[in-house]
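What follows is a short report on a single structure.
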Amino acid sequence: MEKITLTVPASRTLNGKALAGVVGSGDMEVLFTADQSQTLTIDITTSVDNSRGRWEALFNRLQTVSSLPAGKLTIHDFGATPGVARIRIEQVFEEVSYA
């Protein structure tokens, strides 16, 4: 298991909390808690060693295609593909935006 913490600039604020995925489902679970800071802090626990570069690339891509909200994102990854990771992350942001 590898633990990774990333911090990226946030460009919008939201309110609330959201959960997407199920940790026991074989791919990943994403929890998001909004706050009023200027950053998005991402704590990742992954079963895939040496994956920091993959996660950094994913969040760099997300920053270029959408505005990331301020808050804390907790990810429990059990080998999800980058596509599934992106879907789960976008799901929690969308759910909080409708809260």
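The values are calculated or read from the model by the stated rules, or taken from the named source; none is laboratory data. Keep in mind the model is a prediction, meaning the values are calculated, not measured. Cβ placement follows ideal geometry from the backbone for every residue including glycine, while neighbour counts extend to all protein chains displayed. Quick note on the areas: whole protein, heavy atoms, side chains included, nothing else; ligands and nucleic acids left out. Shrake-Rupley method; radii C 1.70, N 1.55, O 1.52, S 1.80 Å.
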Looking at ASP49, ASP35 in this structure, which one is among the charged types (D, E, K, R) and within 18 Å of GLU2 (Cβ to Cβ)? ASP49
Test result for VAL22, hydrophobic (A, V, I, L, M, F, W, C) and surrounded by fewer than 16 Cβ atoms within 10 Å (Cβ to Cβ): yes
Output yes when any residue across the stretch 33-46 is open to solvent by 70 Å² or more (accessible area, probe 1.4 Å) and without any contact (Cβ under 8 Å) to a residue 40 or more places away in the chain, and no when none is. yes
Here is a check on your reading of the model: is VAL96 under 11 Å from the mean Cα position of the chain (by Cα) and either open to solvent by less than 40 Å² (accessible area, probe 1.4 Å) or not hydrophobic (A, V, I, L, M, F, W, C) (or both)? no
How many residues of the stretch 48-65 are open to solvent by 50 Å² or more (accessible area, probe 1.4 Å) and either under 21 Å from GLY16 (Cβ atoms) or touching a Lys or Arg at 6+ places or on another chain (Cβ under 7 Å) (or both)? The answer is 0
Does ALA85 count as closer than 16 Å to LEU19 by Cα, small (Gly, Ala, Ser) and part of a helix (DSSP H, G or I)? yes
Pick from the stretch 37-55 the residues that are touching a Gly at 6+ places or on another chain (Cβ under 9 Å) and within 18 Å of VAL84 (Cβ to Cβ): which of them is modelled with the highest pLDDT? THR46
Among the residues of the stretch 66-82 satisfying the criterion of being surrounded by fewer than 18 Cβ atoms within 10 Å (Cβ to Cβ) and among the β-branched types (Val, Ile, Thr), which is nearest to ASP49 (Cα to Cα)? THR81
For the stretch 10-48, which positions are over 13 Å from the mean Cα position of the chain (by Cα) and not small (Gly, Ala, Ser)? ARG12, THR13, LEU14, ASN15, VAL22, VAL23, ASP27, ASP35, GLN36, GLN38, VAL48
